[in-house]
Amino acid sequence: MIAHVAAAGEGRGRVVLWLGSSAQTSASAIEAAMLVARAFQSEVESLFVEDRQFFDLAEFPFARVIGANGEGWQSMPRADLERKMRFVGAALQRKVADEARKAAVPFQGRVVRDDPLNAVAKACAENGPWNVITIAEPFGAGDETRLGQVFANVADTTGVIIAGPMARRTQGPVVAVVEQFERLEPMMRAAKRLAGVTGGDVKLMLAGDRLDELSWMEGRVRLLLGDNDGPSLETVLAARGDVVPIVEAARRHKGGFLLAQYGGQVVSQETSLRPLASALECPLLLVR
Amino acid sequence: MFFKRAKQDKKKSSKTPAEAAPPEGENDASAPGSAEAEPARAGTDPKSLGFETTAEIEASDAPIGQSKALEALAFGAGIKGPGYNILVTGRDGAETHAAVRAKLQDIAGKAEWPTDWIYVSSFDASGHYRAIELPAGTAKTFSERMAQALDRLADALPAAFAADDYELRRRTIDEEFRFSREDALDTLRREAEAQNIALLRTPAGIAVAPILDGKVVKSDVFNSVPESLRREVQTKIAALEKEIEAILAERPDAEKERRAQLLALNEQVAGRHVRAVLDELQNEFADVIGTKSYLKAAARDLVRNAGVFLAAAGHDSVRIPVGTMGDARFARYRVHVMTVPAGGGGAPVVEEPNPTYTNLFGRIELGSGGEAQPSQVMRIKPGALHRANGGFLILDARALLAAPNVRDALLRALEAEEIRFDPPADPVGLAGGEIPDLESIPLGLKLVVIGDAEAHRQLAKSAPQLKRHFKVEAVFDDAVARSPETVAAFARLIAGIVARNELKPVDAEGVAMLIDEAGRRAGGNGELSLEIGHIADICREADHWAGGAGRLITSVGDIERALQSRKGRPAQAGSEGST
C-alpha cells in the first residue's frame, strides 16, 4: 500500500524502471522514477527486459519485421535480433545511468531475457517492502491491458508510474486525487514527500460521482485539515471513468505529478485510460 | 564635341606655357637667376602686394581666371536632358580636379537631395533582389527599422514558441498524428489476437507472430501441427503484414496533414508577432510605393521561416538576445542601402579616382548560409554610380582608358540610363556561390570626366559612342594673363595653400618670387602659369627650410632655396603636387 511508501525512514524500497524492448522511452517517466527514488530515499533499478518471445519468433523462417516508418519488411534473423537487443539495452541503460547520476540517485542496471511481466514480478519480489514500477515506454494504445496485468500479477508492487505522450513536466505541485476518506492520510503523506522534490505544494482533489458523498467527505477532510496551512482543496464531481475534470485540474495547477488510485472511480479498470494518459502533461503515479 | 575640342586643344597646346617651360632639373637656362630667364624679382614688386606676410590677407581656394570653364561647367551641371555629361579638359593635376569639385559642390549644395534606393530580397524562388526608391534620406532609417524589427522578432518569437500554450498545441498535433496510426495498429492487434496472432514491437520495428494462450508459439510446436494449419497461419500472417504495411504506408498523407497543421499553428503564433512588428514599419512608410509589397513578402517569409529565430536563440529556446545583423541566416531580410546621405543635404558629388567595375557598380558579398544551405547575400555595397546618382560623378579620363571593360560597362549604363549589376568577375564571397540578379536602378547623374587633350582624344578613339554622351566641354586654361587683379588673386591663392597645409606665413617678397615663378612657368609672356601644385610644392619645401632655421615666417630666402634645391633634383612625375 501507499502507506508503506509514505512511511518515513523506509529505506528498503525500490523504484523499478521497466525498460521495454521496443527501445522507446518517455523522458518524463525516467525523470519521475528518479523523483520518487529521491523522495523516498530509495534506489532505482533499471530493468531492461529482452522479451523472450521475440527470440521464439526469430526461429521461424517467415519471421519478418517492418520499421515504424514503413520502410518495407525485412527478415529477422536471430543473430540480428541478439545484436540489436544488446545495443538497445546498453543505450537505454546508459541513458538511465546518466539521469540517475544527475539526480544523485543510487542506480543499478540489469538486463534479463524473460517474459516481461515475469521479469518485473521477479525484480519486485526480490525486494520489499515496497516497489514502485515505472513503465518507461510512453503509455499508448492497448497499454491498459499491460497495466492491468502489472497490478494483477506483480503482487509486490505498491504503485505504477506511467507517462503519456504529452507528459513534459515533472516539477510543480503534486495533485493527489482522493476518492475514499480512509485513503486521505497515506495519500497526503505520499504527496507531501513527492512535493518535497517536485518543488511544489500539494493540491488535494476529492473526487466522486455522488454529490452527497462528496460533500460528506469534503466536510470531514476540512475538519481534519483544520484552518492551518494545509494543502489546497477542491472537489470534483465526475462520472465513473470520466477523467476530463481531473486532467483539466492537473493542467490548471500545472502539476508536476498526479497521484491517483488504480481501480477507483477515476482510474477504473473497466474504462480506457487512454483519455487520461494522452492528455496528462505530468507523470501519473497509480497506487493500489 | 570630343573631336572638335581636341582640335582646339591641340592648337592651344602649341603655345602651352607649361610645355614651353622646361621641367625642373632639365634645363636651368630659364631658372631664376639665369641670364635668359625673366628676372625673379623684376616682375612683381613685393611692396605693390600690400601686405607683409600672407597671414594678413584673405586665403582663397578659388581658381584664378577659368571663368569660361566654370561657366561651361555650371551650364553642363544645370541643363536637363540625356547626354549632357561634361568633359573637362585641363592639364592633369589636382588643381583641375579641385576646381571642378569645388564648383560642382557649390552647384550641388543648392540642388535637391535625390531620392534614395535600396535593394531587398524578392523572397521568391529566383532569389533576385528588388530595387525600391525611397524619399531622400529615408533609406538608412528604413534599413535600421527593419534591423530593429528583426531583433525584436529574435526576442519575441523564441518566447512565443517556448510558451506553454504553443508547446501543448504542437504536441497535440503530433500526438493526434501518432495516435491515428497507433489506433489503427491497436485495432489490428485486437483482430489479430482473435486469430491467435500477435503484433510485437521489437527494437527493429513491428513483427507478426503466431501465438497460443497469449504467448508466441515455439517453432517446434508450430512445426508439429498439420501443414494445412501452418499454411493457414502463414496466410493470415501475410495478410496482416499487408495491412500493417498499408497502415504505415498511409503515413505520407498523414504526415502531410500533420505538417500542414503544424505550419498553420506556426503561422498563427509567428504571424501575430511578425505582423505587429512589420505593421509599424509599414505605417511609417505607407506612402512609399514598393514597401508595402516588400513588407508583405517579408512577413510571409518570416512566418514561414520562424524556426530560424528559434535555432538562433539556442536549444530549448534559451532566452539569449540574438543579434541578427551578422547572422547569415537572417541575411535575406537585410535592407541594402545603395545611397549615401549627403552630410549637409543637396546632391552628391562623388569623385572616384580608381574606377574599377566594383568601385563604380558596387559588389555583392556572399556568406555561408550554414550547412547544406545556399550562400547568402551578406552585403550589397553601393558603387560610385549609386552614391553619385542624382548628383555628379567625377572620373579621370586616363583611369578610364586603363580599364576598357569598365569604360564599356559605363557606356552601357549611360545608354540604358540604368545601373545594371553585371560583373565581369565573381563577387566577393564563397566560391561557387550563385550571384543573385539585382534589379536595375535608373541612372540619373552627371558624369564629369577630367583629362588632358590627349587623354580625351584616346578615349574618343577607343569608344566613339562616348561622344554623344558628352555634349558639354569645359576647358580649363593653363595660364592666365598677368594683371594687378590676377596678381592679387594669386597672392590669395598662396595664402590659401599656406592655410590649407598649415604652413608658416610667407613674406611678401617670397610671395612675389612665387608669382614670378608662375610667370616663368608660363613662358615669360605676360601670363601666370596655373600649375598650382607646383607652387604648393615650393611653399612646402620653403616652409621646411624656414622651420629648420627656426624662423616663424617663410622668407624669400627660403623660397629661393627651395627653387634652387628643386633644380638639383631630377624631374618628378609628381612635380605638380597637390595644392
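Looking at the stretch B:81-109, which of its residues are in a loop (DSSP other than H, G, I, E, B), under 30 Å from B:Gly533 (Cβ atoms) and touching a strand residue (DSSP E or B) at 6+ places or on another chain (Cβ under 9 Å)? Steps first, please.
Kept after step one, since they are in a loop (DSSP other than H, G, I, E, B), are these residues of the stretch B:81-109: B:81-83, B:85, B:90-93.
Next, from what is left, pick out any that are under 30 Å from B:Gly533 (Cβ atoms): B:85, B:90-93.
Those that are in a loop (DSSP other than H, G, I, E, B), under 30 Å from B:Gly533 (Cβ atoms) and touching a strand residue (DSSP E or B) at 6+ places or on another chain (Cβ under 9 Å): B:Asn85, B:Gly90, B:Asp92.
The combined condition, being at the interface with another protein chain (Cβ under 9 Å from one of its Cβ atoms), at pLDDT 90 or above and open to solvent by less than 10 Å² (accessible area, probe 1.4 Å), is not fulfilled by A:Ala32.
Would you pick out the residues in the stretch A:264-288 that are open to solvent by less than 30 Å² (accessible area, probe 1.4 Å), farther than 13 Å from A:Gly172 by Cα and more than 14 Å from chain B (Cβ to nearest Cβ)? Give the steps one after another, and end with the answer.
From the stretch A:264-288, those open to solvent by less than 30 Å² (accessible area, probe 1.4 Å) are A:264, A:266-268, A:273, A:276-277, A:279-287; that's our starting set.
Next, only the ones that are farther than 13 Å from A:Gly172 by Cα stay: A:264, A:266-268, A:273, A:276-277, A:279-280, A:284-287.
If the condition is that a residue be open to solvent by less than 30 Å² (accessible area, probe 1.4 Å), farther than 13 Å from A:Gly172 by Cα and more than 14 Å from chain B (Cβ to nearest Cβ), then A:Gly264, A:Val266, A:Val267, A:Ser268, A:Leu284, A:Leu285, A:Leu286, A:Val287 are the ones that fit.
Return a yes/no flag: does the stretch A:139-147 have any residue that is part of a loop (DSSP other than H, G, I, E, B), farther than 18 Å from A:Leu258 by Cα and touching a Gly at 6+ places or on another chain (Cβ under 7 Å). No, because not a single residue in the stretch A:139-147 is part of a loop (DSSP other than H, G, I, E, B), farther than 18 Å from A:Leu258 by Cα and touching a Gly at 6+ places or on another chain (Cβ under 7 Å). Taking each residue of the stretch B:391-419 that is of a type in the set (Asp, Glu) and open to solvent by 20 Å² or more (accessible area, probe 1.4 Å) and looking for partners that are at pLDDT 90 or above and part of a loop (DSSP other than H, G, I, E, B) with beta-carbon atoms closer than 8 Å, six or more apart or interchain, yields B:Asp396/B:Pro353; B:Asp396/B:Pro355; B:Glu417/B:Leu443; B:Glu417/B:Gly444; B:Glu418/B:Ser440; B:Glu418/B:Leu443. B:Glu485 meets the stated requirement of being among the acidic types (Asp, Glu) and open to solvent by 60 Å² or more (accessible area, probe 1.4 Å). Of all residues in the stretch A:11-29, those being in a helix (DSSP H, G or I) and β-branched (Val, Ile, Thr) number 0. Considered as a group, the residues in the stretch B:191-226 that are on the phi > 0 side of the Ramachandran plot and either at the interface with chain A (Cβ under 7 Å from one of its Cβ atoms) or of a type in the set (Gly, Ala, Ser) (or both) include one that is least open to solvent (accessible area, probe 1.4 Å), and that residue is B:Gly205. Among the numbered conditions (1) surrounded by 22 or more Cβ atoms within 10 Å (Cβ to Cβ); (2) in contact with an Asp or Glu (Cβ under 8 Å, 6 or more places away or on another chain), the only one that A:Thr134 does not meet is (2).
So which residues in the stretch A:189-212 are of a type in the set (Asp, Glu) and either at pLDDT 90 or above or part of a strand (DSSP E or B) (or both)?
Initial filter on the stretch A:189-212 (of a type in the set (Asp, Glu)): A:201, A:209, A:212.
Once the filter is applied, which keeps residues that are of a type in the set (Asp, Glu) and either at pLDDT 90 or above or part of a strand (DSSP E or B) (or both), the stretch A:189-212 yields A:Asp201, A:Asp212.
Of all residues in the stretch B:429-454, which are at pLDDT 90 or above and either part of a strand (DSSP E or B) or touching a Leu at 6+ places or on another chain (Cβ under 7 Å) (or both)? Answer for the stretch B:429-454, where residues must be at pLDDT 90 or above and either part of a strand (DSSP E or B) or touching a Leu at 6+ places or on another chain (Cβ under 7 Å) (or both): B:Leu438, B:Ile441, B:Pro442, B:Leu443, B:Leu445, B:Lys446, B:Leu447, B:Val448, B:Val449, B:Ile450, B:Gly451.
Flag: B:Glu112 does not match the condition of being part of a strand (DSSP E or B), open to solvent by 60 Å² or more (accessible area, probe 1.4 Å) and either at pLDDT 90 or above or of a type in the set (D, E, K, R) (or both).
Determine whether B:Leu262 is more than 9 Å from chain A (Cβ to nearest Cβ), under 37 Å from the mean Cα position of the chain (by Cα) and not polar (S, T, N, Q). If you could, list the steps in order and put the result at the bottom.
Numbers: more than 9 Å from chain A (Cβ to nearest Cβ): yes; under 37 Å from the mean Cα position of the chain (by Cα): no; not polar (S, T, N, Q): yes.
For B:Leu262, the condition - more than 9 Å from chain A (Cβ to nearest Cβ), under 37 Å from the mean Cα position of the chain (by Cα) and not polar (S, T, N, Q) - is not met.
Hey, A:Gly230 hits all of (1) free of Cβ contacts under 8 Å to residues at least 60 places away in the same chain; (2) in contact with a Leu (Cβ under 9 Å, 6 or more places away or on another chain); (3) outside any loop (DSSP other than H, G, I, E, B) but one; which does it fall short on? The one condition A:Gly230 does not meet is (3).
Those residues that are of a type in the set (Lys, Arg) and more than 18 Å from B:Val480 (Cα to Cα), I need them from the stretch B:55-98; list them, please. Can you show your working first?
Here is the first cut: in the stretch B:55-98, the residues of a type in the set (Lys, Arg) are B:68, B:80, B:91.
B:Lys80 - this is the single residue of the stretch B:55-98 that is of a type in the set (Lys, Arg) and more than 18 Å from B:Val480 (Cα to Cα).
A Cβ distance below 9 Å, combined with a sequence gap of six or more or placement on separate chains, defines the contacts here; from the stretch A:128-152, residues that are more than 16 Å from A:Gly20 (Cβ to Cβ) reach residues that are acidic (Asp, Glu) and open to solvent by 10 Å² or more (accessible area, probe 1.4 Å) in the pairs A:Gly128/A:Asp156; A:Pro129/A:Glu10; A:Pro129/A:Asp156; A:Trp130/A:Glu10; A:Trp130/A:Asp156; A:Asn131/A:Asp156. So, of the residues in the stretch A:51-65 that are surrounded by fewer than 20 Cβ atoms within 10 Å (Cβ to Cβ) and free of Cβ contacts under 8 Å to residues at least 12 places away in the same chain, which turns out to be farthest from the other protein chains (Cβ to nearest Cβ)? Step by step, filter the stretch A:51-65, then rank; the result is A:Pro61. Of the residues that make up the stretch B:227-236, is at least one at the interface with chain A (Cβ under 8 Å from one of its Cβ atoms), open to solvent by less than 40 Å² (accessible area, probe 1.4 Å), under 29 Å from A:Pro61 (Cα atoms) and modelled with pLDDT of 80 or more? Looking through the stretch B:227-236, none of the residues is at the interface with chain A (Cβ under 8 Å from one of its Cβ atoms), open to solvent by less than 40 Å² (accessible area, probe 1.4 Å), under 29 Å from A:Pro61 (Cα atoms) and modelled with pLDDT of 80 or more. Filtering B:Ala147, B:Ala154 for residues that are at pLDDT 90 or above and away from chain A (no Cβ under 12 Å) leaves a single hit, B:Ala147.
The criterion of being in contact with a Phe, Trp or Tyr (Cβ under 7 Å, 6 or more places away or on another chain) and part of a helix (DSSP H, G or I) holds for A:Met217. Residues in the stretch B:301-328 that are modelled with pLDDT of 85 or more, within 20 Å of B:Gln148 (Cβ to Cβ) and not in a loop (DSSP other than H, G, I, E, B): B:Asp301, B:Leu302, B:Val303.
Any residue in the stretch A:250-272 that is over 30 Å from A:Ala155 (Cα atoms) and free of Cβ contacts under 8 Å to residues at least 12 places away in the same chain? Write out each step before concluding.
If we filter the stretch A:250-272 for residues that are over 30 Å from A:Ala155 (Cα atoms), which is where we start, we get A:251-254.
Still in the running and free of Cβ contacts under 8 Å to residues at least 12 places away in the same chain: A:252.
The answer is yes; a qualifying residue exists.
Within the stretch B:48-97, the set of residues being open to solvent by 20 Å² or more (accessible area, probe 1.4 Å) and farther than 26 Å from B:Ala488 by Cα comprises B:Phe75, B:Gly78, B:Ile79, B:Lys80, B:Gly81, B:Pro82, B:Tyr84.
What is the residue count in the stretch A:96-128 for residues that are part of a helix (DSSP H, G or I), more than 14 Å from chain B (Cβ to nearest Cβ) and open to solvent by 50 Å² or more (accessible area, probe 1.4 Å)? So the answer is 6.
The values are calculated or read from the model by the stated rules, or taken from the named source; none is laboratory data. Predicted, not measured: the structure shown is a model, and the values here were computed from it. Note that each Cβ is placed from the backbone with ideal geometry, even for glycine, and that neighbours are counted across all protein chains shown. Note: areas computed on protein heavy atoms with side chains; ligands, DNA, RNA excluded. Shrake-Rupley method; radii C 1.70, N 1.55, O 1.52, S 1.80 Å.
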